[in-house]
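Visitor: Shown below is the structure under consideration.
Every number in this text was worked out from the coordinates using simple rules, so none of it is lab data. Just so it is clear, the structure is predicted and the values come from calculations on it, not from any experiment. All Cβ positions, glycine included, derive from the backbone under ideal geometry; neighbour counts span all protein chains shown.
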Amino acid sequence: MYKLPQRQVHLDFHTSECIDGIGSMFDKEQFKSCLKKGHVNSITIFAKCHHGWSYFPSEVTPMHPGLHGFDLLSAMLEACREAKVAAPIYISAGYDERYFAEHPEHGFLGSRNERHTEVYEDNGHKYPADGPRFHTICMNSPYLDYLEAEVREVSEKFKPEAIFMDIVAPSRCRCFCGRCRNRVVALGLDENDDNSYTKLSEIVYKEYYERINAAARVGNPDVRIFHNGGHISTGRRDLAHANTHLELESLPTGGWGYDHFPRSVRYAAMLDMEYLGMTGKFHLSWGEFGGFKHPNALRYEVALSLANGAKCSVGDQMHPYGFLDDATYELIGQAYAEAEAVEEYCYDITPVSDIAIVSVEAVTNGAMKNSQQDTGANRILLEGKYLYDIVDKECDLSKYKLLILPDRVKISGEYGEKIKSYVKAGGKVLCSGVSGLDDSGEFAFDIGAKFISESKFAPTYYNPCYDAEGLTPSNYVVYSKHYDVEKTDGAKVLGYVKNSFFNRTRDHFCSHRHTPFVMENNGPAITVGKDGAYIAWDIFTEYTTVGSYAVKEAVIRVIEELIGDKKTLKTNLPSSGVITLNKQEEQGRYVLHALYAAPVVRGANTQIIEDLVPIYDTEFEIKLPAVKSVKLVPENKNVDFEYNNGVCKFKLDKFECKQVVSIELK
């Protein structure tokens with residue numbers, strides 16, 4: 001098993017040839033001082049950047065002209081060795097501006113209509129003529145030979161403990177250039193069918209990582225290798241295992257948002273690999289010189305990684321002159337000092353989970369990455385304080401009390417039989433939309449409903465048979481697709497649907513937005529049967545796109561109906577809080593992580609965390625084996641608890657940002 005360092009920095013250095021004096025202010029002692037200040041035990045340093053320049057005297061890649069012969073990479077490696085800090089080496093794979101300027105014919109074309117750019121020369125340097133952006137290189141070109149030689153040289157010369165390859169994934173190998181068209185034809189595929197290029201991209205990507213992995217292991221057979229494409233594809237274990245470990249890039253302010261990492265990590269934990277969570281120190285995202293997030297945000301993001309068993313990585317970018325920014329490492333140090341104090345409670349864990357979200361991305365053909373269905377289900381379970389995993393076709397389902405099939409998971413083929421076996425063994429399913437339908441168009445389970453058809457009305461309205469938490473009974477609008485169903489014998493109905501008077505068109509419309517509801521119910525909206533429940537909307541898509549409180553409460557009501565008395569954990573932590581419960585078998589304990597922060601939107605659409613408000617009187621009830629003690633860590637302070645009939649009850653009087661609780665067993 002590869003062991004990842006716990007507190008890493010991912011150091012970018014994408015530096016234009018238009019800047020001189022590269023590394024001229026590098027000072028080994030200042031570099032080491034920043035690492036110590038930041039409580040850093042690993043820093044990814046660079047052999048080649050996106051601009052295509054080497055930062056050591058390479059026989060393969062031209063050295064950055066602004067270095068004037070200074071071996072910056074070796075100087076950083078020496079500093080890291082003296083500081084006893086690990087030093088993975090970074091190589092830009094998908095981007096190489098210098099190479100593209102010399103070989104535009106090897107550029108990546110993302111569509112049939114894209115054209116190679118013109119290149120112009122200025123002061124001895126070549127530049128693409130279409131404006132400032134990095135250009136992807138086609139891996140089905142001689143560039144792969146060049147890249148392989150770069151990796152081999154780095155491996156032989158430096159024998160690094162780890163190599164990080166950036167900007168490469170099957171999607172970045174789906175190229176429509178003439179070379180790729182010719183290869184599609186040679187493979188006997190239709191060059192006019194876009195699916196042919198998708199098939200080729202899988203072949204090219206596999207060739208890429210097999211060759212690069214072999215080259216990376218020349219100098220160190222045990223080297224850690226990661227190929228970064230910005231997203232870990234749910235259900236693509238073959239791609240995950242092209243790496244020795246996973247680095248989950250998820251900068252909340254950089255477009256990922258604060259619910260992306262929980263979704264990504266709840267799947268990564270299923271893969272029996274080491275993994276880390278990668279955020280950034282920036283206010284926005286990569287390449288933002290002078291951008292700083294609030295220290296509280298970084299404290300929370302690091303704590304969120306720890307809560308999910310992930311090692312930590314914070315992105316930074318070094319100034320062209322080669323010095324680390326002291327303020328950045330003061331910022332990182334605040335979060336990493338807290339992480340260091342609780343690390344022994346955070347790793348070698350088994351997550352405790354009651355519910356599995358069957359990932360639409362993993363099991364449904366044509367699903368997009370970060371699918372709206374997966375996102376909505378993840379958000380609701382996170383906010384509802386449920387213990388859950390996100391699973392693919394290979395995951396064992398037997399341990400879960402409930403499977404959620406969000407909106408688009410049909411029961412077909414081998415995986416459909418696997419879900420049927422789970423239900424036959426007593427498991428429950430929550431289906432929505434067209435989930436749960438088999439190849440005949442009928443529901444495969446007794447979920448209280450008979451499927452009729454997709455509704456012709458949009459929007460429709462939900463009329464619950466219960467008082468939604470915090471809401472007076474009413475008719476709640478739902479914008480996503482509705483499906484007409486009939487109640488089956490013995491089913492319980494939790495709510496009904498009401499149609500609009502008519503759909504909004506040019507010929508007939510009402511008011512500013514949409515038509516109101518008719519008074520008559522039009523059949524059941526939520527049903528419960530022997531095998532589980534059905535919600536007659538694409539309700540998880542709805543929560544992603546609209547975020548209606550009534551929709552979330554409807555899903556939570558169904559979950560409580562199905563497994564409420566079987567839940568492992570109950571708490572009154574507010575919706576913006578996060579809970580995880582992990583088991584450390586060897587230590588004979590369970591570890592609870594409670595976190596709370598409320599991101600707000602600033603600027604155009606940037607989620608930030610600034611204020612951390614104290615949370616008081618947070619109560620927990622957890623089903624556990626016999627408990628010996630409950631204590632706060634790292635404070636080592638005992639917490640009063642009750643243990644009766646297999647349930648441990650305790651209260652946190654106050655915490656701010658996060659609290660780790662060790663529950664020791666008898």
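Visitor: Let me spell out the model: positive unit charges on the Cβ of Lys and Arg, negative unit charges on the Cβ of Asp and Glu, origin at the Cα centre of region 569-665. What dipole size does that give, in debye rounded to 20?
Guide: Values: 12 positive and 13 negative charges, 37 e Å.
Its charge dipole is roughly 180 debye.
Visitor: Okay, next question. Which value, in debye to the nearest 20, gives the size of the charge dipole of the chain about its Cα centre, when Lys and Arg are +1 and Asp and Glu are -1 at the Cβ? Write out the running numbers ahead of the final one.
Guide: On the way: 74 positive and 93 negative charges, 294 e Å.
In total the dipole reaches around 1420 debye.
Visitor: Which entries of LYS498/LYS649; LYS37/LYS651; LYS28/LYS293; LYS281/LYS567; LYS410/LYS566; LYS206/LYS401 have Cα-Cα distances beyond 32 Å here? Walk me through the numbers on the way to the answer.
Guide: Numbers: LYS498/LYS649 42 Å; LYS37/LYS651 35 Å; LYS28/LYS293 27 Å; LYS281/LYS567 37 Å; LYS410/LYS566 26 Å; LYS206/LYS401 37 Å.
Long pairs (Cα-Cα over 32 Å): LYS498/LYS649; LYS37/LYS651; LYS281/LYS567; LYS206/LYS401.
Visitor: Quick one: Cα centre-to-centre distance for region 379-415 and region 1-51, in angstrom?
Guide: The two parts, judged by their Cα centres, are 40 Å apart.
Visitor: So, with +1 on the Cβ of K and R and -1 on the Cβ of D and E, and no other charges, what is the size of the charge dipole of region 353-566 about its Cα centre, to the nearest 20 debye?
Guide: So the dipole magnitude of region 353-566 works out to roughly 320 debye.
Visitor: Ranking LYS399, LYS637 by Cβ neighbours within 10 Å, fewest first, what do you get?
Guide: On the way: LYS399 12, LYS637 9.
Going from sparsest to densest Cβ surroundings: LYS637, LYS399.
Visitor: So, one more: So if we plug the beta-carbon distance of ILE203 and VAL119 into 1/(1 + (r/R0)^6) with R0 = 35 Å, what FRET efficiency do we get, rounded to 0.05? Walk me through the numbers on the way to the answer.
Guide: Numbers: r = 29 Å, r/R0 = 0.83.
Calculated value: 0.75.
Visitor: Choose one of ALA362, LEU397, PRO524: the residue whose Cα lies farthest towards the positive end of the charge dipole of region 353-566 (beta-carbon charges +1 Lys, Arg; -1 Asp, Glu; about the Cα centre).
Guide: PRO524
Visitor: Cα gyration tensor of region 531-615, axes a ≥ b ≥ c as square roots of the eigenvalues: rounded (a/c below 1.5), prolate (a/b > b/c) or oblate?
Guide: Numbers: a/c = 2.37, a/b = 1.03, b/c = 2.30.
Oblate, since a/c reaches 1.5 and b/c is not below a/b.
Visitor: For GLU664 and GLU102 in one chain, what is 0.36 nm times their gap in residues minus the Cα-Cα distance, to one decimal in nm? Don't skip to the answer; put the middle values down first.
Guide: On the way: separation 562, 0.36 × 562 = 202.32 nm, distance 6.26 nm.
Result for the pair: 196.1 nm of gain on full extension.
Visitor: Could you state the angle between the C-alpha long axis of helix 549-563 and the longest principal axis of the C-alpha atoms of the chain, as a value from 0 to 90 degrees rounded to the nearest 10?
Guide: Roughly 70 degrees between the two axes.
Visitor: Within 10 Å of each candidate Cβ there may be at most 16 other Cβ atoms; applying that plus a DSSP loop requirement, which GluC sites (Glu not before Pro) in region 406-471 survive? Walk me through the intermediate numbers first.
Guide: Working: sites: GLU414, GLU417, GLU442, GLU454, GLU469; in loops: GLU442, GLU469.
Here the sparse-neighbourhood loop sites are GLU442, GLU469.
Visitor: Could you list LEU271, LEU147, LEU494 so that the one with the fewest beta carbons within 10 Å of its beta carbon is first and the one with the most is last?
Guide: Details: LEU271 16, LEU147 27, LEU494 21.
With the sparsest Cβ surroundings first, the list reads LEU271, LEU494, LEU147.
Visitor: At what distance in nm do the modelled label points of LYS36 and ASP439 sit from each other, each positioned 7 Å from its Cα along Cα→Cβ?
Guide: With each label placed 7 Å out from Cα toward Cβ, I get 6.8 nm.
Visitor: List the relative contact order of the chain as a percent without decimals, with contacts defined as Cα pairs under 8 Å and 6+ residues apart. Before the final figure, lay out each step's value.
Guide: Details: 1460 pairs, mean separation 71.1, N = 666.
About 11 percent, as a whole number.
Visitor: For region 353-566, what Kirkwood radius comes out of the mean inverse Cα-Cα distance, in Å?
Guide: On the way: mean 1/r = 0.0579 Å⁻¹.
Mean inverse Cα-Cα distance, inverted, gives 17.3 Å.
Visitor: Using only Cα atoms and rounding to the nearest 10 degrees, what angle (0 to 90) does helix 295-307 make with the longest principal axis of the chain?
Guide: Value to nearest ten degrees: 70.
Visitor: Report the gain in length on full extension from LEU189 to GLU656: 0.36 nm times residue separation, minus Cα-Cα distance, nm rounded to one decimal.
Guide: Working: separation 467, 0.36 × 467 = 168.12 nm, distance 5.85 nm.
Result: 162.3 nm gained on full extension.
Visitor: Continuing with this model, one more query. Taking R0 as 45 Å, what FRET efficiency do you get between ASP272 and LYS637 from their Cβ-Cβ distance, rounded to the nearest 0.05?
Guide: Values: r = 34 Å, r/R0 = 0.77.
Once rounded, the FRET efficiency stands at 0.85.
Visitor: Continuing with the same structure: Pairs of alpha-carbon atoms within less than 8 angstrom and 6+ residues apart define the contacts here; what relative contact order does region 460-556 have, in percent?
Guide: Working: 163 pairs, mean separation 29.0, N = 97.
For region 460-556, the relative contact order is 30 percent.
Visitor: At 7 Å along Cα-to-Cβ for each site, give me the label-to-label distance between ILE452 and SER575 in nm.
Guide: The answer from the label model is 3.1 nm.
Visitor: Under the definition of Cα pairs under 8 Å and six or more residues apart, what whole-number percent is the relative contact order of region 94-236?
Guide: Values: 193 pairs, mean separation 41.3, N = 143.
Relative contact order for region 94-236 comes out at 29 percent.
Visitor: Same structure, new question: Which option, (i) 141; (ii) 168; (iii) 184, is the value of volume of the Cα convex hull per residue in Å³ that was calculated from these coordinates?
Guide: The value matching this structure is (iii).
Visitor: Would you calculate, for the chain, the mean residue ellipticity at 222 nm contributed by helices, counting each DSSP H stretch of 4 or more residues as -39,500 (n - 2.57) and dividing by all residues, to the nearest 500?
Guide: Working: 15 runs with 169 residues, N = 666.
It lands at -7500 deg cm²/dmol.
Visitor: How much length, in nm to one decimal, is gained on full extension between ASP565 and ASN182, taken as 0.36 nm per residue of separation minus their Cα-Cα distance? Don't jump to the answer; show the numbers that get you there.
Guide: Working: separation 383, 0.36 × 383 = 137.88 nm, distance 6.07 nm.
Extending this stretch completely gives an extra 131.8 nm.
Visitor: Here's another thing I want to ask about it. Could you pull out which residues in region 241-279 have an amide N less than 18 Å from a spot 7 Å beyond the Cα of SER398, following the Cα-Cβ vector?
Guide: Answer for region 241-279: none.
Visitor: Let me ask something additional. Only counting other Cβ atoms within 10 Å, I'd like THR375, THR545 sorted with the fewest neighbours first. The partial results should precede the final answer.
Guide: Details: THR375 22, THR545 14.
Going from least to most buried by this count: THR545, THR375.
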